[in-house]
Amino acid sequence: MKRSILLSILFVAALSMLFAVAVPAQPGNLSREELIQYTPEWEGERFPDGRPNVPDEIIERMKLVTLEEAWAICRNAGFTYQYADGWLSTHPDQVLVGRALTAMWMPGRPDIQKAIEAVGKEDGRIGAMNAWPVDMLKPGDVYVCDHFGLKIDGPSIGDNVANAIYTNSGNGIVYNGSVRDLEGIKELENFTSFIRDHHPSHHFGSSGRALNSTMVSINGPTRIGQVLVMPGDVVLGRSGGVVFIPPHLAERVVKSSEVVRLRDMFGHLRLQQKVYTPGQIDARWSEEIEKDFSKWINDHIDELPVAKEQIQEMLKGRTW
(Lines give C-alpha, C1' and ligand atoms only; values in the text may rest on other atoms or scores of the structure.)
Protein backbone atom coordinates (compact mmCIF):
# COMPACT_ATOMS: atom_id res chain seq x y z
CA MET A 1 0.00 0.00 0.00
CA LYS A 2 2.82 2.44 0.89
CA ARG A 3 4.49 1.79 -2.47
CA SER A 4 1.19 2.46 -4.29
CA ILE A 5 0.73 5.76 -2.45
CA LEU A 6 4.32 6.78 -3.24
CA LEU A 7 3.85 6.03 -6.94
CA SER A 8 0.64 8.09 -6.96
CA ILE A 9 2.43 11.04 -5.36
CA LEU A 10 5.28 10.79 -7.86
CA PHE A 11 2.81 10.68 -10.76
CA VAL A 12 0.96 13.77 -9.55
CA ALA A 13 4.26 15.55 -8.99
CA ALA A 14 5.38 14.69 -12.52
CA LEU A 15 2.17 16.06 -14.01
CA SER A 16 2.54 19.21 -11.91
CA MET A 17 6.06 19.73 -13.27
CA LEU A 18 4.81 19.16 -16.80
CA PHE A 19 2.06 21.73 -16.33
CA ALA A 20 4.44 24.19 -14.68
CA VAL A 21 6.53 24.58 -17.83
CA ALA A 22 3.52 24.96 -20.15
CA VAL A 23 2.55 28.02 -22.17
CA PRO A 24 1.30 30.90 -20.04
CA ALA A 25 -2.42 31.04 -20.85
CA GLN A 26 -3.45 28.11 -18.63
CA PRO A 27 -1.63 25.79 -16.22
CA GLY A 28 -2.22 22.62 -18.26
CA ASN A 29 -1.49 23.87 -21.77
CA LEU A 30 1.40 22.40 -23.74
CA SER A 31 3.48 24.51 -26.09
CA ARG A 32 4.27 23.29 -29.60
CA GLU A 33 7.69 22.13 -28.45
CA GLU A 34 6.22 20.24 -25.51
CA LEU A 35 3.55 18.59 -27.65
CA ILE A 36 6.30 17.35 -29.94
CA GLN A 37 8.29 16.18 -26.91
CA TYR A 38 5.38 14.24 -25.45
CA THR A 39 4.31 12.61 -28.74
CA PRO A 40 7.77 11.40 -29.82
CA GLU A 41 6.65 8.36 -31.78
CA TRP A 42 4.67 10.41 -34.29
CA GLU A 43 6.89 11.19 -37.28
CA GLY A 44 4.31 12.69 -39.65
CA GLU A 45 2.93 16.18 -40.17
CA ARG A 46 1.74 18.37 -37.32
CA PHE A 47 -0.62 21.27 -36.89
CA PRO A 48 0.93 24.67 -36.08
CA ASP A 49 0.13 24.04 -32.39
CA GLY A 50 2.21 20.83 -32.47
CA ARG A 51 -0.64 18.32 -32.51
CA PRO A 52 -0.01 15.24 -34.66
CA ASN A 53 -1.95 15.56 -37.92
CA VAL A 54 -2.90 12.04 -38.93
CA PRO A 55 -3.70 12.12 -42.69
CA ASP A 56 -7.30 12.49 -43.81
CA GLU A 57 -7.04 9.22 -45.74
CA ILE A 58 -6.33 7.29 -42.53
CA ILE A 59 -9.14 9.14 -40.73
CA GLU A 60 -11.59 8.20 -43.49
CA ARG A 61 -10.54 4.53 -43.51
CA MET A 62 -10.84 4.46 -39.71
CA LYS A 63 -14.62 4.81 -40.00
CA LEU A 64 -14.94 1.09 -40.83
CA VAL A 65 -12.72 -0.10 -37.98
CA THR A 66 -14.42 -1.85 -35.06
CA LEU A 67 -13.73 -1.04 -31.42
CA GLU A 68 -12.32 -4.54 -30.91
CA GLU A 69 -9.86 -4.21 -33.78
CA ALA A 70 -8.58 -0.82 -32.62
CA TRP A 71 -8.37 -1.87 -28.97
CA ALA A 72 -6.44 -5.04 -29.81
CA ILE A 73 -3.76 -3.15 -31.73
CA CYS A 74 -3.40 -0.57 -28.94
CA ARG A 75 -3.17 -3.25 -26.24
CA ASN A 76 -0.64 -5.33 -28.18
CA ALA A 77 1.50 -2.21 -28.57
CA GLY A 78 1.49 -1.70 -24.80
CA PHE A 79 -1.30 0.91 -24.63
CA THR A 80 -3.61 -0.94 -22.27
CA TYR A 81 -5.93 1.88 -21.15
CA GLN A 82 -7.30 3.42 -24.36
CA TYR A 83 -11.00 2.54 -24.09
CA ALA A 84 -13.89 4.28 -22.32
CA ASP A 85 -17.55 3.27 -22.35
CA GLY A 86 -20.81 3.94 -20.50
CA TRP A 87 -21.67 6.87 -22.76
CA LEU A 88 -24.95 8.37 -23.83
CA SER A 89 -24.68 8.70 -27.60
CA THR A 90 -26.59 11.53 -29.26
CA HIS A 91 -26.49 9.76 -32.66
CA PRO A 92 -26.21 6.06 -31.77
CA ASP A 93 -26.20 4.76 -35.36
CA GLN A 94 -23.28 6.94 -36.43
CA VAL A 95 -19.50 6.66 -36.08
CA LEU A 96 -17.30 9.41 -34.65
CA VAL A 97 -13.76 9.64 -36.03
CA GLY A 98 -11.29 12.52 -35.83
CA ARG A 99 -8.22 14.03 -34.19
CA ALA A 100 -8.51 15.01 -30.54
CA LEU A 101 -8.32 18.59 -29.34
CA THR A 102 -8.47 18.31 -25.55
CA ALA A 103 -9.70 20.43 -22.66
CA MET A 104 -10.05 19.82 -18.94
CA TRP A 105 -12.12 21.43 -16.19
CA MET A 106 -11.66 21.23 -12.45
CA PRO A 107 -13.88 22.34 -9.55
CA GLY A 108 -14.05 26.10 -9.49
CA ARG A 109 -11.46 28.12 -7.57
CA PRO A 110 -11.78 31.93 -7.77
CA ASP A 111 -8.09 32.84 -7.58
CA ILE A 112 -7.14 30.41 -10.35
CA GLN A 113 -10.18 31.47 -12.38
CA LYS A 114 -9.24 35.17 -12.20
CA ALA A 115 -5.62 34.46 -13.13
CA ILE A 116 -6.62 32.40 -16.16
CA GLU A 117 -9.22 34.95 -17.25
CA ALA A 118 -6.60 37.74 -17.03
CA VAL A 119 -4.05 35.89 -19.14
CA GLY A 120 -6.77 34.83 -21.57
CA LYS A 121 -7.68 38.49 -22.04
CA GLU A 122 -4.02 39.34 -22.69
CA ASP A 123 -3.89 36.53 -25.26
CA GLY A 124 -6.91 37.97 -27.05
CA ARG A 125 -9.30 35.15 -26.20
CA ILE A 126 -12.93 36.09 -26.72
CA GLY A 127 -15.91 35.27 -24.52
CA ALA A 128 -16.26 32.77 -21.71
CA MET A 129 -13.79 29.94 -21.13
CA ASN A 130 -16.02 27.27 -22.61
CA ALA A 131 -15.65 29.03 -25.99
CA TRP A 132 -11.84 29.11 -25.99
CA PRO A 133 -11.13 25.56 -27.18
CA VAL A 134 -14.08 25.77 -29.61
CA ASP A 135 -12.36 28.68 -31.37
CA MET A 136 -9.25 26.50 -31.85
CA LEU A 137 -10.98 23.57 -33.57
CA LYS A 138 -9.91 22.64 -37.09
CA PRO A 139 -11.92 20.62 -39.65
CA GLY A 140 -11.90 16.95 -38.65
CA ASP A 141 -11.11 17.61 -34.97
CA VAL A 142 -13.03 15.97 -32.15
CA TYR A 143 -13.48 18.11 -29.04
CA VAL A 144 -12.48 15.82 -26.14
CA CYS A 145 -13.33 17.42 -22.82
CA ASP A 146 -13.25 16.29 -19.20
CA HIS A 147 -15.77 18.19 -17.09
CA PHE A 148 -15.31 15.67 -14.25
CA GLY A 149 -18.83 14.28 -14.81
CA LEU A 150 -20.51 17.39 -13.40
CA LYS A 151 -24.28 17.22 -13.97
CA ILE A 152 -26.38 19.76 -12.03
CA ASP A 153 -25.11 23.24 -12.94
CA GLY A 154 -22.47 21.46 -15.04
CA PRO A 155 -23.29 21.74 -18.77
CA SER A 156 -20.81 23.95 -20.63
CA ILE A 157 -22.18 22.80 -24.00
CA GLY A 158 -25.67 23.58 -25.24
CA ASP A 159 -27.10 23.87 -28.74
CA ASN A 160 -25.33 27.21 -29.41
CA VAL A 161 -21.87 25.92 -28.46
CA ALA A 162 -22.62 22.64 -30.25
CA ASN A 163 -23.38 24.57 -33.43
CA ALA A 164 -20.09 26.45 -33.08
CA ILE A 165 -18.18 23.20 -32.53
CA TYR A 166 -19.79 21.63 -35.57
CA THR A 167 -19.19 24.73 -37.71
CA ASN A 168 -15.46 24.72 -36.90
CA SER A 169 -14.79 20.98 -36.92
CA GLY A 170 -17.61 19.35 -38.89
CA ASN A 171 -17.49 16.77 -36.12
CA GLY A 172 -18.85 15.86 -32.70
CA ILE A 173 -17.54 15.60 -29.14
CA VAL A 174 -16.47 13.25 -26.38
CA TYR A 175 -17.59 15.08 -23.26
CA ASN A 176 -17.15 13.69 -19.75
CA GLY A 177 -20.00 15.72 -18.38
CA SER A 178 -23.58 16.75 -19.09
CA VAL A 179 -24.88 18.86 -21.94
CA ARG A 180 -28.03 20.98 -22.12
CA ASP A 181 -30.46 21.58 -25.01
CA LEU A 182 -30.23 17.91 -25.96
CA GLU A 183 -33.04 18.10 -28.53
CA GLY A 184 -31.34 21.01 -30.26
CA ILE A 185 -28.05 19.10 -30.30
CA LYS A 186 -29.74 16.08 -31.86
CA GLU A 187 -30.96 18.28 -34.70
CA LEU A 188 -27.34 18.57 -35.88
CA GLU A 189 -27.45 15.49 -38.09
CA ASN A 190 -23.74 14.70 -38.05
CA PHE A 191 -22.85 15.99 -34.59
CA THR A 192 -22.01 12.47 -33.43
CA SER A 193 -21.31 12.82 -29.74
CA PHE A 194 -20.59 10.77 -26.65
CA ILE A 195 -21.68 12.41 -23.41
CA ARG A 196 -22.29 11.30 -19.82
CA ASP A 197 -25.73 12.86 -19.33
CA HIS A 198 -27.89 15.91 -19.97
CA HIS A 199 -29.47 18.48 -17.67
CA PRO A 200 -31.39 21.75 -18.22
CA SER A 201 -29.03 23.78 -15.99
CA HIS A 202 -25.72 25.35 -17.06
CA HIS A 203 -22.29 25.69 -15.54
CA PHE A 204 -21.20 28.78 -13.62
CA GLY A 205 -17.86 29.70 -15.10
CA SER A 206 -17.44 33.31 -14.05
CA SER A 207 -15.23 34.45 -11.19
CA GLY A 208 -18.25 35.38 -9.05
CA ARG A 209 -19.59 33.59 -5.98
CA ALA A 210 -21.47 30.97 -8.04
CA LEU A 211 -18.29 29.70 -9.70
CA ASN A 212 -18.39 25.90 -9.79
CA SER A 213 -15.86 24.90 -12.44
CA THR A 214 -12.71 26.28 -14.02
CA MET A 215 -11.14 25.22 -17.32
CA VAL A 216 -7.51 24.57 -16.43
CA SER A 217 -6.19 23.03 -19.63
CA ILE A 218 -6.49 23.24 -23.41
CA ASN A 219 -4.36 21.00 -25.61
CA GLY A 220 -2.90 19.16 -22.64
CA PRO A 221 -3.07 15.61 -21.28
CA THR A 222 -6.70 14.93 -20.37
CA ARG A 223 -8.25 12.02 -18.47
CA ILE A 224 -11.37 10.44 -19.91
CA GLY A 225 -12.39 7.53 -17.70
CA GLN A 226 -9.25 5.42 -17.38
CA VAL A 227 -7.69 6.88 -20.53
CA LEU A 228 -4.97 9.51 -20.70
CA VAL A 229 -5.89 11.31 -23.92
CA MET A 230 -3.26 13.35 -25.73
CA PRO A 231 -3.91 16.08 -28.28
CA GLY A 232 -3.81 14.52 -31.74
CA ASP A 233 -4.96 11.07 -30.64
CA VAL A 234 -7.37 9.56 -33.16
CA VAL A 235 -10.85 9.20 -31.66
CA LEU A 236 -12.99 6.24 -32.73
CA GLY A 237 -16.46 6.22 -31.20
CA ARG A 238 -19.20 3.74 -32.03
CA SER A 239 -21.67 1.35 -30.39
CA GLY A 240 -21.50 3.20 -27.06
CA GLY A 241 -17.72 3.00 -26.68
CA VAL A 242 -14.74 5.18 -27.56
CA VAL A 243 -11.15 4.16 -28.32
CA PHE A 244 -8.41 6.79 -28.25
CA ILE A 245 -5.68 5.67 -30.65
CA PRO A 246 -2.15 7.09 -30.32
CA PRO A 247 -1.41 8.78 -33.66
CA HIS A 248 1.60 6.59 -34.50
CA LEU A 249 -0.67 3.51 -34.28
CA ALA A 250 -3.50 4.85 -36.46
CA GLU A 251 -2.22 3.52 -39.79
CA ARG A 252 -1.43 0.14 -38.23
CA VAL A 253 -4.97 -0.05 -36.84
CA VAL A 254 -6.50 0.72 -40.23
CA LYS A 255 -4.38 -1.77 -42.17
CA SER A 256 -4.91 -4.54 -39.63
CA SER A 257 -8.66 -3.92 -39.67
CA GLU A 258 -8.79 -4.17 -43.45
CA VAL A 259 -6.99 -7.52 -43.41
CA VAL A 260 -9.35 -8.82 -40.71
CA ARG A 261 -12.39 -7.50 -42.60
CA LEU A 262 -11.46 -9.36 -45.79
CA ARG A 263 -10.52 -12.55 -44.01
CA ASP A 264 -13.80 -12.49 -42.07
CA MET A 265 -15.79 -11.98 -45.27
CA PHE A 266 -14.03 -14.90 -46.91
CA GLY A 267 -14.30 -17.13 -43.84
CA HIS A 268 -18.02 -16.45 -43.36
CA LEU A 269 -18.70 -17.08 -47.04
CA ARG A 270 -16.87 -20.40 -47.08
CA LEU A 271 -18.64 -21.48 -43.86
CA GLN A 272 -22.03 -20.67 -45.40
CA GLN A 273 -21.02 -22.61 -48.49
CA LYS A 274 -19.87 -25.49 -46.24
CA VAL A 275 -16.50 -25.54 -48.00
CA TYR A 276 -14.63 -25.54 -44.68
CA THR A 277 -15.56 -26.44 -41.11
CA PRO A 278 -15.65 -23.94 -38.20
CA GLY A 279 -12.58 -25.69 -36.80
CA GLN A 280 -10.65 -25.02 -40.00
CA ILE A 281 -11.63 -21.35 -40.17
CA ASP A 282 -11.09 -20.64 -36.46
CA ALA A 283 -7.64 -22.24 -36.42
CA ARG A 284 -4.51 -21.12 -38.23
CA TRP A 285 -5.39 -21.44 -41.89
CA SER A 286 -3.81 -24.21 -43.92
CA GLU A 287 -1.85 -23.46 -47.10
CA GLU A 288 -4.88 -24.65 -49.10
CA ILE A 289 -7.19 -22.11 -47.43
CA GLU A 290 -4.63 -19.33 -47.80
CA LYS A 291 -4.36 -19.98 -51.54
CA ASP A 292 -8.15 -20.06 -51.80
CA PHE A 293 -8.31 -16.73 -49.95
CA SER A 294 -5.73 -15.10 -52.25
CA LYS A 295 -7.61 -16.29 -55.33
CA TRP A 296 -10.92 -15.04 -53.90
CA ILE A 297 -9.40 -11.59 -53.30
CA ASN A 298 -8.04 -11.34 -56.84
CA ASP A 299 -11.33 -12.56 -58.34
CA HIS A 300 -13.41 -9.99 -56.41
CA ILE A 301 -10.94 -7.12 -56.00
CA ASP A 302 -13.32 -4.55 -57.53
CA GLU A 303 -16.25 -5.60 -55.35
CA LEU A 304 -14.70 -5.67 -51.88
CA PRO A 305 -15.25 -3.06 -49.09
CA VAL A 306 -11.56 -2.11 -49.14
CA ALA A 307 -10.12 0.13 -51.85
CA LYS A 308 -8.38 -1.70 -54.69
CA GLU A 309 -5.16 0.22 -54.07
CA GLN A 310 -5.10 -0.85 -50.42
CA ILE A 311 -5.73 -4.48 -51.36
CA GLN A 312 -2.90 -4.45 -53.88
CA GLU A 313 -0.59 -2.95 -51.26
CA MET A 314 -1.79 -5.56 -48.78
CA LEU A 315 -1.07 -8.42 -51.19
CA LYS A 316 2.46 -7.16 -51.86
CA GLY A 317 3.41 -7.19 -48.20
CA ARG A 318 1.21 -10.01 -46.97
CA THR A 319 2.47 -12.26 -44.23
CA TRP A 320 -0.18 -14.98 -44.56
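The values are calculated or read from the model by the stated rules, or taken from the named source; none is laboratory data. These numbers come from a predicted model, not from an experiment. Cβ placement follows ideal geometry from the backbone for every residue including glycine, while neighbour counts extend to all protein chains displayed.
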* Asked: Here are some conditions: (1) in the same structural domain as residue 186 (by TED's automatic domain parsing); (2) closer than 16 Å to residue 232 by Cβ; (3) in a helix (DSSP H, G or I). Residue 40 meets all but one. Which one does it not meet?
  -> (3)
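Of a type in the set (A, V, I, L, M, F, W, C) and at pLDDT below 95 - does that describe any residue in the stretch 151-167?
Yes: the stretch 151-167 contains one or more residues that are of a type in the set (A, V, I, L, M, F, W, C) and at pLDDT below 95.
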* Select from the stretch 197-224 the residues that are surrounded by fewer than 17 Cβ atoms within 10 Å (Cβ to Cβ) and under 15 Å from the mean Cα position of the chain (by Cα) and list them in ascending order. => 223
* Residue that is nearest to residue 96 (Cα to Cα) [pool: residues in the stretch 145-170 that are among the polar types (S, T, N, Q) and surrounded by fewer than 24 Cβ atoms within 10 Å (Cβ to Cβ)] -> 169
* Structure fact -> When the stretch 67-104 is checked residue by residue, the ones that are among the β-branched types (Val, Ile, Thr) and either free of Cβ contacts under 8 Å to residues at least 12 places away in the same chain or surrounded by fewer than 18 Cβ atoms within 10 Å (Cβ to Cβ) (or both) are 80, 95
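Out of 305, 231, I need the residue that is assigned to a loop (DSSP other than H, G, I, E, B) and at pLDDT 90 or above. Which one?
231
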* To do: Can you tell me which residue among 240, 232 is touching a strand residue (DSSP E or B) at 6+ places or on another chain (Cβ under 7 Å) and surrounded by fewer than 17 Cβ atoms within 10 Å (Cβ to Cβ)?
  => 240
* To do: Please indicate, with yes or no, whether at least one residue in the stretch 261-283 is touching a residue at least 60 places away in the same chain (Cβ under 8 Å) and either part of a helix (DSSP H, G or I) or on the phi > 0 side of the Ramachandran plot (or both).
  => yes
* Given the structure, is residue 148 of a type in the set (Phe, Trp, Tyr) and under 22 Å from residue 243 (Cβ atoms)? -> yes
* Structure fact -> The number of residues in the stretch 133-163 that are in a helix (DSSP H, G or I) and within 19 Å of the chain's Cα centre (by Cα) is 5
* Pick out the one residue from 252, 238 that is among the charged types (D, E, K, R), under 30 Å from residue 303 (Cβ atoms) and in contact with a Ser or Thr (Cβ under 9 Å, 6 or more places away or on another chain). => 238
* Would you pick out the residues in the stretch 161-184 that are under 14 Å from residue 202 (Cα atoms) and either touching a Pro at 6+ places or on another chain (Cβ under 8 Å) or charged (D, E, K, R) (or both)? -> 177, 178, 179, 180, 181
* Asked: Just one of the numbered conditions (1) in contact (Cβ under 8 Å) with a residue 40 or more places away in the chain; (2) more than 13 Å from the chain's Cα centre (by Cα) is not true of residue 236; which one?
  -> (2)
* Asked: Restricting attention to the stretch 87-109, which residues are under 15 Å from the mean Cα position of the chain (by Cα) and either assigned to a strand (DSSP E or B) or at pLDDT below 95 (or both)?
  -> 89, 96, 97, 98, 99, 100, 101, 102, 103, 104
